[in-house]
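A short worksheet on the structure shown next.
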Amino acid sequence: MWEQIASNQTRSAVVVASVGALLVTTGLALGAVFAGSGEGAMGGAVVALLLWLILWMVSASSGDKILLALHGAQEVRKGDHPILVNVVEEMAIAAVLPKCPRVFVVDDPSPNAFATGTSPDNAAVTVTTGLLRILNRDELQGVVAHEIGHVKNRDVKLMATAGIMVGAIVILAEMGRRAMWYGGFRRSRSSSKDDGGQAILMIVAPLMLILAPISAEFLYLALSRRREYLADASGALFTRYPEGLASALEKLEAGTSTPFAHASAATAPMYIAAPRAMSASGEAGSLFSTHPPIRERVHILRSMGGRADVAAYEAAYRGVKGESAVGAQTLAASRPVAVREASAGAGSTAEVDRHRAASNALLSASGYGTVTCSCGATLKIPPSLAGRLTECLRCGRRLPELPS
Amino acid sequence: MLIAVLVLVGLSVVAVLWLVSVYNGLVRGRNEVKNAWSQIDVQLKRRHDLVPNLVETVKGYAKHESETLQKVTAARNMAVAARGPAQVGAAESQLTAAVSGLFAIAEQYPDLKASANFIGLQEELTSTENRIGFARQAYNDSVMRFNNQREQFPNSVVAGSFEKAEMLELTSAAEREVPQIKF
């Protein structure tokens, strides 16, 4: 996916610049509406430009931390959920990442996942407990591979940067519209001098405030949809098992009817499946949906003809959509990769065990200790009670020491 | 005369620069191959460490399977002793077959299947097996890149001192047993 990485770097520059330009235009319009003069418009543009610079710096340096904090994500270590951590490590090996990404869990019944990080060296993969509950090992591997595909294709930083910028434009424009609504236009004192220009400004500025956020979001969404297909192609290649991702996506489609409490319009394009809040408003496949329709993604993954390489994905994509998804250079470097067998015992883990493992992951990642009493009861002790709870709640016997 | 000398000097400088860049490229390729191999090595060691634990755990529940257990231990010891891609490939394939045979036997012992120790080991071995597969893919990719780089003209003029890298083949017993139908 070298071509994709190179083109991503050009695109990031283009997107960041054009969203920046839109931001400045919004500032101009806002200044014009507030001050009603040319100087006011310039002032607005300068303020918007400063805001843009600050946002860019913040999102580049700590965008991932902000996003993880917004979701209340807990870092998961090997002992908390062995399967999840193992799967992430496997995919890091398959993708030849320089370092294994960190793993986080969000307590949310809606099944979803996303990746964060500024580069492949400091990436992180986050999944919801809802996802851990419904997917078997192969499916989980497919989802993680899709996210690692985003990391490998350098999508993550761009999406986070663009998302924060678009958010800023939306907020600015909203402010402007409200100011117009409640405050009306302020008349310039020197209205006699440049009445014609003033009138045009007064018509154009409100229009700008309506159009800027729409076009910003449009730019952003157009970027994110193609990336989903490419990450699917990477996911199939890394796992060598397209069926895992396909069946995971089907389960996700059924599962996203559970609303994702942590999702918002700005973060929607990051997830593997469009969260409920978004998919309810837009029809599948419309210009404003952040994700391509899941049924189409599944159909492409299932028409790869027993192969898992990028060229097979390209052929399947062409068969379904009638156009090309992957760059020519990447295709030339692709060599045929056969699909592997389903992993042994992948389906055997009972659903109740998966539920328990998901809850345990969250509890032990939050510092809960687990103690098994000789009467057979297993106690999960919150960090606030560590060392204070010394007797079993069921039989009253003395509990063994908490393993630290 | 002066011009001819200058041209000659210029040409030889270009030739030396070219040699250096080709040589460095080949060294980089060889290091990539070495690096990828050490990735596989880490995972193979991990499996060699896990197998004795598995054997011990199974022994506690299934005493009558000593023959299978011995086979696994023997395959593991052979895999530990193997050196070089060809030998390692053969020995590790046998170990894979032996371990999956052991898991098949475990199906008959419900107590064993339900023990937390066994479930944990099964997950670790499954994951290690996957990692070996993925690391092998990455290794073979790097071998192919290096060998192409080495054989292509004009690099092939310089590449004499670089040995050809060997791919790692791991064919499972099941794969080998399937009759190949050719038309």
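Annotations
- Residue match in the stretch B:4-12 (condition: of a type outside the set (D, E, K, R), in contact (Cβ under 8 Å) with a residue 60 or more places away in the chain and more than 14 Å from chain A (Cβ to nearest Cβ)): no
- The set of residues in the stretch A:61-94 that are part of a loop (DSSP other than H, G, I, E, B), more than 14 Å from chain B (Cβ to nearest Cβ) and surrounded by fewer than 20 Cβ atoms within 10 Å (Cβ to Cβ) comprises A:72, A:77.
- Tabulated pairs, the stretch A:211-225, first in contact (Cβ under 8 Å) with a residue 12 or more places away in the chain, second polar (S, T, N, Q) and part of a helix (DSSP H, G or I), C-beta under 7 angstrom, 6+ apart or interchain: A:212/A:25; A:212/A:26; A:219/A:18
- Selection from the stretch B:141-165 of residues that are surrounded by 20 or more Cβ atoms within 10 Å (Cβ to Cβ) and within 14 Å of chain A (Cβ to nearest Cβ): B:142, B:143
- Residue tally, condition surrounded by fewer than 18 Cβ atoms within 10 Å (Cβ to Cβ) and either within 21 Å of residue A:234 (Cα to Cα) or within 14 Å of chain B (Cβ to nearest Cβ) (or both), over the stretch A:100-111: 1
- Being part of a helix (DSSP H, G or I), exposed (fewer than 11 other Cβ atoms within 10 Å of the Cβ) and either at positive phi or not basic (Lys, Arg) (or both) holds for only one residue in B:72, B:14, B:22, and it is B:14.
- Among residues of the stretch A:116-140 that are within 11 Å of residue A:99 (Cβ to Cβ), those with a Cβ under 6 angstrom from a residue that is among the β-branched types (Val, Ile, Thr) and not in a strand (DSSP E or B), sequence gap 6+ or separate chain, pair up as A:117/A:156; A:120/A:151; A:123/A:151.
- Reported count of residues in the stretch A:305-324, each being within 27 Å of the chain's Cα centre (by Cα), closer than 21 Å to residue A:244 by Cα and in a loop (DSSP other than H, G, I, E, B), is 2.
- Residue match in the stretch A:310-325 (condition: buried (at least 18 other Cβ atoms within 10 Å of the Cβ), modelled with pLDDT of 75 or more and within 11 Å of chain B (Cβ to nearest Cβ)): no
- Taking each residue of the stretch B:43-58 that is within 14 Å of another protein chain (Cβ to nearest Cβ) and within 15 Å of residue B:117 (Cα to Cα) and looking for partners that are in a helix (DSSP H, G or I) and not hydrophobic (A, V, I, L, M, F, W, C) with beta-carbon atoms closer than 8 Å, six or more apart or interchain, yields B:50/B:124; B:50/B:128.
- The stretch B:114-132, residues that are under 17 Å from residue A:97 (Cα atoms) and facing chain A (nearest Cβ under 7 Å): B:130, B:131
- Among residues of the stretch A:326-340 being in contact (Cβ under 8 Å) with a residue 40 or more places away in the chain and assigned to a loop (DSSP other than H, G, I, E, B), the one that is farthest from residue A:226 (Cα to Cα) is A:340.
- Single residue of A:97, A:140 found to be within 14 Å of another protein chain (Cβ to nearest Cβ) and either on the phi > 0 side of the Ramachandran plot or surrounded by fewer than 21 Cβ atoms within 10 Å (Cβ to Cβ) (or both): A:97
A quick yes/no check of all residues on (1) away from chain A (no Cβ under 14 Å); (2) over 25 Å from the mean Cα position of the chain (by Cα); (3) at pLDDT 90 or above:
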residue: B:67; (1), (2), (3): yes, yes, no
residue: B:72; (1), (2), (3): yes, no, yes
residue: B:77; (1), (2), (3): yes, no, yes
residue: B:84; (1), (2), (3): yes, no, no
residue: B:88; (1), (2), (3): yes, no, no
residue: B:100; (1), (2), (3): no, no, no
residue: B:103; (1), (2), (3): no, no, no
residue: B:106; (1), (2), (3): no, yes, no
residue: B:110; (1), (2), (3): no, yes, no
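- Test: residue in the stretch B:8-21 that is more than 28 Å from residue B:136 (Cβ to Cβ) and among the hydroxyl-bearing types (Ser, Thr, Tyr): yes
- Residues that are under 20 Å from residue A:241 (Cα atoms) and surrounded by 20 or more Cβ atoms within 10 Å (Cβ to Cβ) within the stretch A:291-304 comprise A:294, A:297, A:298, A:300, A:301, A:304, listed in sequence order.
The values are calculated or read from the model by the stated rules, or taken from the named source; none is laboratory data. The structure displayed is predicted, hence computed values, not measured ones. Glycine also receives a Cβ, built like all others from the backbone with ideal geometry; neighbour counts cover every protein chain displayed.
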